[in-house]
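Here's the structure, in C-alpha cells; my notes come after.
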Amino acid sequence: MSKVPLTKQGAEKLREELQRLKSVERPRVIQAIAEAREHGDLKENAEYHAAREQQSFIEGRIKEIEGKLSHAQIIDVTQMENTGKVIFGATVDLADEETGKEITYRIVGEDEADIKQGLISVSSPIARALIGKQEGDIAVVQAPGGEKRYEIVEVRYE
C-alpha cells in the first residue's frame, strides 16, 4: 500500500478521534454490554444487541484510523518555503473569471475533504487543475456545467 497524503491538521484530527474512541467510547460500550448481560436472556435483549453493534462499529473505526495513520505521509506546509506554487496542503484564493466572485480552498487528503469548510480533496477536479500552478495563473476546471476558469489570486502555506 502506498503512502497517502495527509495534512498535519488532518492527522491531528484522526489522532484525537482515535483517542476518544479508545478512552471514552470503547469503555462506555463495554459497560453497556456488561449491564445488558446482567439482565439475563440476551436473545431478546435489544440494549445488548445495540451495544454489540456499536462495539463492532467502534472497533472497526479504530482499525480504520490506525491503518490510515500508519500509511499516511503527513505533510506540514508551514515548514516549507512559500514559492507561490500550489501544492498539497496549500490554501488558495481564487477569483472566478466570469463572475469575479472570490473563493478560498485548501487542498487536503481525501479523508479530510469537506467542501463546506473549503477543504477540497487532492484528487478533486479543482485541486488537479490547481496543483503546480502559480499565483497569477489561470486554472481551468472541467465542471459538469462546462469549463470554469479561476485566477489564482494568492497561495498560502498555513
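The values are calculated or read from the model by the stated rules, or taken from the named source; none is laboratory data. Keep in mind that this is a model prediction, so the values were computed, not measured. In this analysis, Cβ positions are derived from the backbone assuming ideal geometry, glycine residues included, and neighbour counts consider all displayed protein chains. Note: areas computed on protein heavy atoms with side chains; ligands, DNA, RNA excluded. Shrake-Rupley method; radii C 1.70, N 1.55, O 1.52, S 1.80 Å.
Which numbered condition trips up residue 127, out of (1) small (Gly, Ala, Ser); (2) touching a Ser or Thr at 6+ places or on another chain (Cβ under 9 Å); (3) closer than 25 Å to residue 21 by Cα?
The number of the failed condition is (3).
In the stretch 47-61, what residues are closer than 13 Å to residue 25 by Cα and hydrophobic (A, V, I, L, M, F, W, C)?
Residues satisfying the conditions are 51, 57, 58.
Is it fair to say residue 153 is open to solvent by 30 Å² or more (accessible area, probe 1.4 Å), among the β-branched types (Val, Ile, Thr) and farther than 24 Å from residue 6 by Cβ?
So residue 153 passes the test.
Please indicate, with yes or no, whether at least one residue in the stretch 108-121 is farther than 30 Å from residue 24 by Cβ and of a type outside the set (Asp, Glu).
Yes, that holds for at least one residue.
May I ask you to verify whether residue 61 is open to solvent by 70 Å² or more (accessible area, probe 1.4 Å) and part of a helix (DSSP H, G or I)?
Spelling it out, it is not the case that residue 61 is open to solvent by 70 Å² or more (accessible area, probe 1.4 Å) and part of a helix (DSSP H, G or I).
In the stretch 86-106, which residue that is assigned to a loop (DSSP other than H, G, I, E, B) and open to solvent by less than 20 Å² (accessible area, probe 1.4 Å) is nearest to residue 135 (Cα to Cα)?
Per the stated criteria, the residue is 86.
Would you say residue 83 is touching an Asp or Glu at 6+ places or on another chain (Cβ under 9 Å), hydroxyl-bearing (Ser, Thr, Tyr) and either surrounded by fewer than 18 Cβ atoms within 10 Å (Cβ to Cβ) or not in a loop (DSSP other than H, G, I, E, B) (or both)?
In short, no.
Tell me yes or no: at least one residue of the stretch 33-52 is open to solvent by 90 Å² or more (accessible area, probe 1.4 Å), modelled with pLDDT of 95 or more and in a helix (DSSP H, G or I).
There is no residue in the stretch 33-52 that is open to solvent by 90 Å² or more (accessible area, probe 1.4 Å), modelled with pLDDT of 95 or more and in a helix (DSSP H, G or I).
Of the residues that make up the stretch 4-20, is at least one open to solvent by less than 60 Å² (accessible area, probe 1.4 Å) and of a type in the set (Ser, Thr, Tyr)?
Among the residues of the stretch 4-20, at least one is open to solvent by less than 60 Å² (accessible area, probe 1.4 Å) and of a type in the set (Ser, Thr, Tyr), which makes the answer yes.
Count, please, the residues in the stretch 107-145 that happen to be assigned to a strand (DSSP E or B), of a type outside the set (S, T, N, Q) and open to solvent by less than 30 Å² (accessible area, probe 1.4 Å).
So the count comes out to 5.
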